[in-house]
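> What follows is a single structure, and I will ask about it in a moment.
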Amino acid sequence: MTALLRPARPDDAAATGEILHGFARDTDWMPLLHSQHEAEHFCGVMIARGWVTVAVLHGRVAGFIARDGGEICSLYLAPAAQRQGLGARLLQQAQHSAEQLELWTFQANTRARRFYERHGFRETQRTDGSRNDERLPDIRYEWSRT
C-alpha cells in the first residue's frame, strides 16, 4: 500500500508528537528533555504555522516533515514505518518545491546523516552542541537544486 502525503491537520498533533517523543525516548544517546504532551504541543504549533506534511499509511500518520521555508525543522517516522521509502518521499516532495534546503542533525545520528547524504545534502558546518537544547554536537547540511 502506498502512503498518502498530505498537509497536516490540527488533529494530527497527537500522532506527530507521539512520533517525535518516541524518537527521543527510544534513542539511547538522545536526552529526554520534553514530555509527550510538550512534543504534541510543539507539533501542534508547527502544524498551525503550515509547516507540516504527514505520511499516512493504513489510515494512520506514519511520519512527518516540518519545513519553514528552506529549513527542514523535523523529519521523523514511526519505527514500524521506517525503511519503506516514506522518509525519502517526504524529503523528495520538499526538494521538488524548493531551490535550496538546509537542516541540522546530530553527529550521533548516523542513520540520518547517511540518509541526507544519499539525497544530495552536503555537510557545511559542525558545532560542539553548545547552541542546541540537547547540548549534543551537530552538523548543518545544505542541499541545492543546482
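> Do any residues in region 122-146 that are in contact (Cβ under 8 Å) with a residue 40 or more places away in the chain and more than 16 Å from A98 (Cβ to Cβ) have Cβ atoms under 9 Å from those of residues that are of a type outside the set (S, T, N, Q) and in a strand (DSSP E or B), where the two are at least six apart or on different chains, and which pairs are they?
Between residues of region 122-146 that are in contact (Cβ under 8 Å) with a residue 40 or more places away in the chain and more than 16 Å from A98 (Cβ to Cβ) and residues that are of a type outside the set (S, T, N, Q) and in a strand (DSSP E or B), the close pairs are E134/F106; L136/F106.
> Scan region 86-107 and report the pairs whose first residue is in contact (Cβ under 8 Å) with a residue 40 or more places away in the chain and whose second residue is part of a helix (DSSP H, G or I), with Cβ atoms within less than 8 Å and a gap of 6+ or a chain change.
Sorted first by the residue in region 86-107, then by its partner, the pairs are L101/A94; L101/Q95; F106/A112.
> Also, I was wondering about something else. If you go through region 15-29 one residue at a time, do you hit one that is within 22 Å of E134 (Cα to Cα), hydroxyl-bearing (S, T, Y) and in contact with a Leu (Cβ under 6 Å, 6 or more places away or on another chain)?
no
> Please go through region 25-68 and give me each residue that is under 14 Å from the mean Cα position of the chain (by Cα) and at pLDDT below 95, ordered by number.
The answer is none; no residue qualifies.
Each row is one residue, and each column tells you yes or no for (1) of a type in the set (D, E); (2) assigned to a loop (DSSP other than H, G, I, E, B); (3) farther than 22 Å from R25 by Cβ.
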position	(1), (2), (3)
L101	no, no, yes
R113	no, no, no
G120	no, yes, yes
E123	yes, no, yes
L136	no, yes, no
Y141	no, no, yes
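> Restricting to strands (runs of 3 or more DSSP E) lying wholly in region 21-90: which have 2 or more residues that are surrounded by 14 or more Cβ atoms within 10 Å (Cβ to Cβ), out of contact with any Cys (no Cβ under 7 Å at 6 or more places or on another chain) and among the β-branched types (V, I, T)?
52-57, 60-68
The values are calculated or read from the model by the stated rules, or taken from the named source; none is laboratory data. Worth saying up front: this structure is predicted, and the values here are computed from it rather than measured. Positions of Cβ are backbone-derived with ideal geometry, glycine not excepted, and every protein chain shown enters the neighbour counts.
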